[in-house]
Amino acid sequence: MLATTVTACGGDDGASAPKAPATIPELTKDPLTLSFIWFEWPPAQALEAFANAEYKKERPNTTIKVNTVPNANWHDAMFTQFAAHKTDFDIAILDSQHIGEAVTNGNILDLTDFVKKNIDVNAYNPYLLAAYGQFPQAETGKRDENASLYGLPLLGDTWTMIYRKDLIGDKPPQTWDEMISAAEKCQADNPGVSGLAFHQANGSDAAAVTYNTVNGVYGGNLWDAKSRKIDGVLNDAAGQEAMDVLVNKMKPLTAKGSGNWFIDEVNAAVAQGKACIAFNWIAASGGLLDPKQSTLGKTREEILGKLGFATLPTQKTNLVPLGGMGMHVSAYSSEANQAEALNFMKWFERADIQKKWAAAGGVPSRTDALQSPEFLNAGPFNQVYADSVPRMRDMWNVPEYARLVDIENTNVNAALNGAKAPKDALNDIAKEQQAVLNSSGRKGGGGL
């Protein structure tokens, strides 16, 4: 058997995960479809096209299929199948925070021995290698060499600040307060253009990431990982200041009806010239340079004459959100497909392939690829990503993540849409999330 039998979910983190072999088993010569599951967005199509063009050069009998679902259904689409111990995908593309749930339920393979034999771990920023594969996560986000690895990086990501150079000037705001002031002035000077556009939706991790980002730059913390304490940490003075800034200073500068905006809606506002400053994931920003989708110019160059891309402004700290995802092998895939999945991952993480992936629009995690001309010259926001890596902060990398993020999304969205007072919303988040952690009976945490 390629993977050992999955045991029942236990209380010890990582105890249930079946192990992948260190050596890739013999690959089939028969036609094979290697299936991924992701959510619907441009990188999914880019991965399928890239893999079928490049991986087929080495494995002509293999076809890559990237199955997609709406972002809001992504977690459940994977974990419903995991719960049934039968998946129609071989490689699950997981958010970093999904890893704990998948590991403790025995849904994905432990790749530790495979990585030791096949992957040059020194080629990566340790934080990225840990974020997309390690569990339990280290409190600091740094890699623990004694911890197990359950995935490898597929796509790095963080937020970029997108700003109208023709409206606020070539130099981007340097602090969060300066950003708000610039957005306010731009909105006043340009009727019909909103000062800000950002994620507010009660779905996926949209509103939660927005609050967590503001929380970070204003010096807040999401929890104390060692003690698993949220109530009294998230909603301390810094956390309350961040919520006040988000709801009472940033929200009034957004467009009417934007209370459930996410990635696509923010991009549409930018492309239609309806936002002075916007925040979005780098991996979702490529379409902003397409003249067919934009009213800002008839060519890429004309659009870039009006749009600038910058790292996020700082305030009390310089933290930015960690995005991106890793590749993880389903424990319920067939032996032949698990072997192919391991071979694909080894191939994908090669230095030459990572540079090709960067040139094709991907965001690599290998340091040599991040510093390569193929990546840095592929888009105006790629330097932003490279500069942002040392500033990244993740959320909670715990099995209870899905419940925690749902609580936060619901309450932040309610505050943004006037259904709850900001202070009440934050206190409710802290109390409800604390109850989830307390009910789990686990000790210790990880992720920040």
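The values are calculated or read from the model by the stated rules, or taken from the named source; none is laboratory data. Everything quoted here is computed from the prediction, not taken from an experiment. Cβ sites come from the backbone with ideal geometry, for glycine too, and all protein chains shown count toward neighbours. For accessibility, only protein heavy atoms count, side chains too; no ligands or nucleic acids. Shrake-Rupley method; radii C 1.70, N 1.55, O 1.52, S 1.80 Å.
May I ask you to give the percent of accessible area on the chain that is carbon plus sulfur, with a probe radius of 1.4 Å?
On the chain, the fraction of accessible area on carbon and sulfur atoms equals 49 percent.
Given a 1.4 Å probe, how much area per residue of segment 148-213 is accessible, in Å²?
Counting only protein heavy atoms, the per-residue value for segment 148-213 is 30 Å².
Using Cα centres only, tell me the gap between segment 291-366 and segment 148-197 in whole Å.
19
Per residue and in cubic angstrom, what volume does the convex hull of the Cα atoms of segment 126-165 have?
Working: hull volume 3.2 nm³, N = 40.
Roughly 80 Å³ of hull volume per residue.
Excluding same-chain pairs closer than 8 in sequence, count the lysine pairs in segment 245-345 whose Cα atoms lie under 24 Å apart.
Close lysine pairs under the 24 Å cut-off: 12.
Give the cross-link partners of K355 among the lysines, using a straight C-alpha distance below 23 Å as the criterion and excluding same-chain residues fewer than 8 apart.
K56, K57, K65, K116, K117, K346
Can you compute the radius of gyration and Dmax for the chain, using only the Cα atoms, both in Å?
21.5, 67
Using θ = phi - 60° and the Karplus relation 6.51 cos²θ - 1.76 cosθ + 1.60, list the HN-Hα couplings for segment 199-204 in order, rounded to whole Hz, with x at every Gly or Pro.
Those phi angles translate into 6, 9, 5, 9, x, 6 Hz.
Sort largest first and round to whole Å: the equivalent ellipsoid semi-axes of segment 319-448, each the square root of five times a Cα gyration tensor eigenvalue.
Over the Cα atoms of segment 319-448, the ellipsoid semi-axes are 36, 23, 13 Å.
Could you run the Karplus curve 6.51 cos²θ - 1.76 cosθ + 1.60 with θ = phi - 60° over segment 218-226 and give me ³J(HN,Hα) per residue in whole Hz, x for Gly and Pro?
Result, rounded to whole Hz: 8, x, x, 9, 7, 5, 9, 5, 5.
Can you give me the angle between helix 176-189 and the longest principal axis of the chain, using Cα atoms only, in degrees from 0 to 90, rounded to the nearest 10?
60
Grab the alpha carbons of segment 303-350, take their convex hull, and tell me the volume per residue in Å³.
Cα-based convex hull of segment 303-350, divided per residue, equals 170 Å³.
Could you sort 345-353, 119-127 so that the peptide with the highest average Cβ count within 10 Å comes first and the rest follow in order?
Working: 345-353: 18.9, 119-127: 16.7.
Going by the mean number of other Cβ atoms within 10 Å, highest first, we get 345-353, 119-127.
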